[in-house]
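Report on the following structure.
The values are calculated or read from the model by the stated rules, or taken from the named source; none is laboratory data. Values in this document were obtained by computation on a predicted structure and should not be read as measured data. All Cβ positions, glycine included, derive from the backbone under ideal geometry; neighbour counts span all protein chains shown.
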Amino acid sequence: MQYHTNSKTNFKLGLDSDIIICHNKSYISDEAEGLTMTVGNIAKHEEMRRNGSFNHRATTVTAEIFNNSYFFDAHDLVQVKYEMLRAVEKDRREVSSTSATFGFSRVSYYQIKKEYDESGISGLIPKKRGPKGSRKLSISDIDFASSLVDTHTKSQIVARLKEDRGVEVSKRTLERQLSGKKNS
């Protein structure tokens, strides 16, 4: 990344980005992402990338509300999902065509609606993917094994987990869990 500084704003530019001066405002054109944004949007988009709410498929959003709008941002995944739900629920638009104009499938619409109905606006925030914790040992199993570390070998702890708790794990899995590392 290259850093570009003007008298008012600091911002990062990708190697294939250009600065465009138009109507006394600074714009950045990033052809790799297929977007042009104001300097003020750069920080917003960087934060959305960090927190996982950046819509990498913004070019598939063809809904009129996102065309040439300063407020509505097709790169804001939470906003796109909310506006899609609003268009169907409040404007009584048809699900298949509406979801397509917002860059989603009909099935995705119903999944998004379910998350929204269950969790409200926070249900629209993308969840982290992959395992969320230990799949083989529960926290109580790990605590049990930890209490035996000073007095038992790894093989003995594995045997005790199987006998006392009905949990079968390898010595290597036990070592990873006791060290606090994810499965690798």
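Working carefully through the options ILE125, ILE112, ILE121, find the one that is of a type in the set (A, V, I, L, M, F, W, C) and in contact (Cβ under 8 Å) with a residue 60 or more places away in the chain.
Of ILE125, ILE112, ILE121, the one residue that is of a type in the set (A, V, I, L, M, F, W, C) and in contact (Cβ under 8 Å) with a residue 60 or more places away in the chain is ILE125.
Looking at the stretch 163-176, which of its residues are in a helix (DSSP H, G or I) and either within 12 Å of LEU137 (Cβ to Cβ) or not charged (D, E, K, R) (or both)?
Of everything in the stretch 163-176, those that are in a helix (DSSP H, G or I) and either within 12 Å of LEU137 (Cβ to Cβ) or not charged (D, E, K, R) (or both) turn out to be ARG165, THR173, LEU174, GLU175, ARG176.
Inspect all residues belonging to the stretch 140-148 and state whether any of them is loosely packed, with under 12 Cβ neighbours inside 10 Å, free of Cβ contacts under 8 Å to residues at least 24 places away in the same chain and not in a helix (DSSP H, G or I).
no
Name the single residue that is surrounded by the most Cβ atoms within 10 Å (Cβ to Cβ) among those in the stretch 23-59 being part of a loop (DSSP other than H, G, I, E, B) and modelled with pLDDT of 80 or more.
Once the filter is applied, the top-ranked residue is ASN55.
Take the stretch 104-139 and flag every residue that is farther than 30 Å from MET48 by Cα and part of a helix (DSSP H, G or I).
Answer for the stretch 104-139, where residues must be farther than 30 Å from MET48 by Cα and part of a helix (DSSP H, G or I): just ILE139.
Here is a list of conditions, (1) polar (S, T, N, Q); (2) part of a loop (DSSP other than H, G, I, E, B); (3) within 17 Å of the chain's Cα centre (by Cα), and THR62 meets all of them except one; can you say which number that is?
(3)
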